[in-house]
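The values are calculated or read from the model by the stated rules, or taken from the named source; none is laboratory data. As the structure is a prediction and not an experimental result, all values here were calculated from the model. Positions of Cβ are backbone-derived with ideal geometry, glycine not excepted, and every protein chain shown enters the neighbour counts. When the accessible area is computed, the model is the full protein with side chains, heavy atoms only, and any ligands, DNA or RNA have been set aside. Shrake-Rupley method; radii C 1.70, N 1.55, O 1.52, S 1.80 Å.
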Amino acid sequence: MIFIGAAGVPWAAALYVLSDRGAALALSPWIAAGDLALLAGVELISPTTYAAVRFVALFLVAAHAQVQGEERGLAIAALACVVLVPIGVLEPHGFAGDLIGFYETLFVVAALAAGVFIGRLRTAESVGRLRQRDLSRRAIDAENEMRRRLAENIHDGPVQELVSLDMMLSAVRGSLVNNQMDRALHSLGAAQEIAERNIRFLRDEIVSLGPYAFEELTFQSAVNQCAPIWQRRFGLSIALDMSDIDMSSEICGALFGIAQEAISNSARHGRAKSVTVVLTPTGWREVVMRVVDDGEGFHGTAPLGSHEIGHIGLASMRERAELIGGDLRIESSEKGTEVRVTVPLEGDRPRRFRASRAA
């Protein structure tokens, strides 16, 4: 009690003040060494605290591993074994008898396991948090880029041509006032061409937004309407083989985003000439969407590995699949790439399947 009061309480108070004033210093691995030294002192003074010291030591190893990560967590666990096991073996423990070796072995195994697995959990959480933060940043950048592109397209396209249309209609009015019918008809024909051209442009922009644009648009109809646009934009051939599956708007939106990104990657990065989009049901109340191209692939690089390509496309496809409880797989070779998404269908919602093909 004297030792705890003289050393333990001041140490705990110092850590509290340190964590309040300097969080970075409070995360130092040297604090783990101080904790273990304090426990070693307690057991040296009173060997009967053996069980309590081992219990607290395992807790501290797990706590520090959660803060420090896998590698440092394992190092802290090893330090705990090096510091405490000799004390446990050399100190007299009448209650333990010949079982002290067995107890110490259990402690070593438990400490190392806690350091590794709790530290690995911390590492996974950190990686997931960083990936989520990076994805959010890139999603914001992509949204800003889309807004900029739409603003530029609308300003350079429909806005400018509507100005021309207004001028043409004014000229038509003047021609009619002056009884110049031929000139008025010519101006009306030009105005009609401008109107039709901008109607097609705006429809293409709306349809390219997919199921997000209007509720009644399903995945199949969105892809069918967007396929000609993608063919013109990317200069490739798109074949469609999709079953008519009743899916929620959330699933439709996610699958459309994955298909759109996969086709874009096939054209821009894989240099594909043709792409096939397949949507089929399975016997396990799941739907499988496959986007297959004949491009160059990823040249031996794991597309969804830890060192994945740094643009938002692959990460966004994975996130979209995870949000709807799906599984995303990408298989690539020099003969092409296949993006495969398996998504569970919602529980009690009625399903209807009708095979349909389009090219």
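Return the carbon/sulfur percentage of the accessible area of the range 1-107, one whole number, probe 1.4 Å, all protein chains in place. About 75 percent, which is the carbon plus sulfur part of the accessible surface. The stretch between E91 and V159 holds 15.7 nm of extra length on full extension. This uses 0.36 nm per residue minus the Cα-Cα distance.
Based on the Cβ-Cβ distance of V82 and D244, what FRET efficiency does E = 1/(1 + (r/R0)^6) give at R0 = 45 Å, to the nearest 0.05? So the FRET efficiency works out to roughly 0.10.
Using a 1.4 Å probe on the protein chains only, how many percent of the accessible area of the range 220-298 belongs to carbon and sulfur?
C and S atoms contribute 46 percent here.
For the range 1-99, the Kirkwood estimate of hydrodynamic radius, built from reciprocal distances between every pair of different alpha carbons, is 14.3 Å. Among 185-193, 29-37, 69-77, the peptide with the highest mean count of other Cβ atoms within 10 Å heads the list, and the full ranking is 69-77, 29-37, 185-193.
Each of the peptides 232-244, 259-271 was scored by the mean count of other Cβ atoms within 10 Å over its residues; in descending order, highest first, they stand as 259-271, 232-244. Full extension of the segment from E196 to W11, taken as 0.36 nm per residue of separation minus the current Cα-Cα distance, would add 58.7 nm. Here the label points at V288 and N224, each 7 Å from Cα along the C-beta direction, are separated by 2.4 nm in the simple model. Once you keep just the Cα pairs under 8 angstrom separated by 6 or more residues, what percentage relative contact order results for the range 1-129? Here the relative contact order equals 28 percent.
Residue separation of N178 and V109 scaled by 0.36 nm, minus their Cα-Cα distance, works out to 14.8 nm of gained length.
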